[in-house]
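The values are calculated or read from the model by the stated rules, or taken from the named source; none is laboratory data. Computed from a predicted model, the values in this text were never measured in an experiment. Positions of Cβ are generated from backbone atoms using ideal geometry, with glycine treated the same way; all protein chains shown enter the neighbour counts.
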Amino acid sequence: MHHTTNPDELYTQARTVLAGGVSATARLNAAIGRPFYIQRGDGAYIEDLQGKRYVDMCISHGASLLGHNHPAIVGAVQRALEHGIICSYETEHQIALAKRLVEIIPCAEQVRFAGSGTESMMHALRLARTATGRELLIKFEGHFHGYADVLNYSWAPPLHAAGDPHLPQIYPESSGMPGALTSTILVLPFNDPEALEEAFAEHGERIAALALEPINYDSGCIPPEPGFLALCRKLCDQYGALLLFDEVLTAFRMHLAGAQGWTGVTPDLAVLGKAFGAGMPISAIVGRHTVMHHLRPEGTSELSGTYLAHLTAVLAAHAAIEIYAEPAFYPCLLENCAYFYRSCAQLIERSRVPLRLQWVGPRFGLYFGIDAPVRNYRDAARQSRAMLRTFVAGCIARGVYFHMAAHHGFSGVHDRNALDLALNAIEGALNDVCHAHQ
């Protein structure tokens with residue numbers, strides 16, 4: 001294979017050796033019909049193969065909350081390498097990181113690290129089933145909890161296969177998942193207190209866990225309605241089920257204590273990911289000691305792996321948390337959020353494009369073709385993918401990278417200059433949408 005900087009040529013090469021031409025399904029950007037190839041990331045920017053710079057409004061799907069190539073993260077990885085690429089051994093550093101999490105995450109009395117969010121959620125569910133002696137999982141439609149067979153249901157079902165909005169069909173999100181697993185899961189609409197109370201009244205003694213994204217970023221950005229999380233907490237307590245927060249996207253996003261700090265509701269178990277590692281591959285299960293002690297070697301629920309808590313990722317995560325914990329970090333980030341969303345709302349209004357913008361912290365959803373508030377997945381699924389595709393392609397053409405995804409966002413190192421460049425591109429792309437779809 002010859003070296004090329006032509007992305008279409010590169011994609012042609014990729015398809016001969018990489019399954020589907022990508023290293024992960026989500027890396028194909030449907031707005032440009034191929035992956036977006038980059039050669040470098042620095043701060044709020046990424047650079048394509050020709051050396052053109054783009055403001056990054058995907059930001060590693062939310063993982064790089066400190067932008068790309070942050071000196072503190074680079075320094076932490078270099079320090080880890082000086083120890084000799086420690087793999088599959090314990091050091092003092094895993095203990096130090098766990099102690100830090102116990103200090104700042106409300107539900108964290110004990111910690112166990114893993115790699116991806118998928119991995120941690122799979123183990124967290126098995127742990128919940130061990131701790132309760134029950135098997136049934138309740139999850140909400142539109143909430144994504146990774147790709148493990150036991151959890152990979154109903155996060156983006158096509159409406160024709162989704163069933164009754166009040167009692168959704170259980171929809172497997174991949175082929176090859178054993179049909180028998182559907183008997184272990186119940187899918188409910190989000191922000192529907194009545195449906196939740198009915199499910200607990202009917203199945204309460206069988207429910208091991210209620211799992212949810214406390215802010216449903218995987219459907220764009222759908223916050224819980226007032227009192228809904230408190231109801232989740234109350235019902236779990238009443239029926240002896242565990243409340244499991246999937247904080248893969250919400251951890252450290254808008255508050256040092258993540259969604260637990262933002263909502264004031266404390267789960268029994270939580271999974272932290274993405275921003276936790278600031279671009280390095282690490283996640284964590286944190287929870288009450290009475291639940292966590294069921295993990296082996298103390299208990300009987302398995303969670304192990306050669307690469308877990310790799311020192312490069314552990315030191316990077318610890319360095320990231322120290323930056324998040326600086327007194328100015330969140331006030332500055334939230335001030336930039338207020339500026340960006342206020343400006344963005346003005347552009348949307350001027351453009352006359354029907355578009356609902358919803359956000360919490362530096363992560364947001366754009367719902368094209370929708371004017372009313374989006375309260376659940378069924379609302380979100382009515383959006384126009386064609387308009388989003390036009391918008392994303394328009395932004396990329398103007399030097400701002402959006403992914404063809406449900407949620408978008410920026411980092412703590414996106415300054416006003418980067419945000420202004422993004423706003424200029426958004427204005428032009430909305431104009432494209434107006435001309436192409438009105």
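So that you can scan it fast, the table gives a plain yes or no per residue for (1) over 24 Å from D218 (Cα atoms); (2) in a helix (DSSP H, G or I); (3) in the same structural domain as I426 (by TED's automatic domain parsing):
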| position | (1), (2), (3) |
| --- | --- |
| T12 | yes, yes, yes |
| L65 | no, no, yes |
| A80 | yes, yes, no |
| G84 | yes, no, no |
| H93 | yes, yes, no |
| A98 | yes, yes, no |
| C107 | no, no, no |
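For every residue, the table says whether it meets (1) surrounded by fewer than 22 Cβ atoms within 10 Å (Cβ to Cβ); (2) free of Cβ contacts under 8 Å to residues at least 60 places away in the same chain; (3) outside any helix (DSSP H, G or I).
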| site | (1), (2), (3) |
| --- | --- |
| A275 | no, no, no |
| A278 | no, no, yes |
| P281 | yes, no, yes |
| T290 | yes, no, no |
Inset, instruction - Test T312 against the criterion of being at pLDDT 95 or above, closer than 30 Å to R79 by Cα, in the same structural domain as P226 (by TED's automatic domain parsing) and not in a loop (DSSP other than H, G, I, E, B), and give yes or no. - result: yes
Legend entry - Check on A338, out of contact with any Gly (no Cβ under 8 Å at 6 or more places or on another chain), assigned to a helix (DSSP H, G or I) and closer than 18 Å to I46 by Cβ: no
Legend entry - Search result, residues across the range 145-195 that are of a type in the set (A, V, I, L, M, F, W, C), free of Cβ contacts under 8 Å to residues at least 40 places away in the same chain and either part of a helix (DSSP H, G or I) or not assigned by TED's automatic domain parsing to the domain that holds L249 (or both): A161, A180, L181, A195
Inset, instruction - Quickly run through the range 110-128 and pick out the residues that are farther than 23 Å from A63 by Cβ and either crowded, with 20+ Cβ neighbours inside 10 Å or not assigned by TED's automatic domain parsing to the domain that holds E202 (or both). - result: L127, A128
Inset, instruction - Please work out if A386 is out of contact with any Pro (no Cβ under 7 Å at 6 or more places or on another chain) and either more than 30 Å from H166 (Cα to Cα) or not in a helix (DSSP H, G or I) (or both). - result: no
Inset, instruction - Could you grab the pairs with beta carbons closer than 8 Å, sequence gap of 6+ or different chains, first residue in the range 17-33 and of a type in the set (K, R), second one not in a loop (DSSP other than H, G, I, E, B)? - result: R27/P35
Inset, instruction - Could you grab me the full set of residues in the range 258-267 that are surrounded by fewer than 24 Cβ atoms within 10 Å (Cβ to Cβ) and either under 20 Å from R129 (Cα atoms) or in contact with a Cys (Cβ under 6 Å, 6 or more places away or on another chain) (or both)? - result: T266
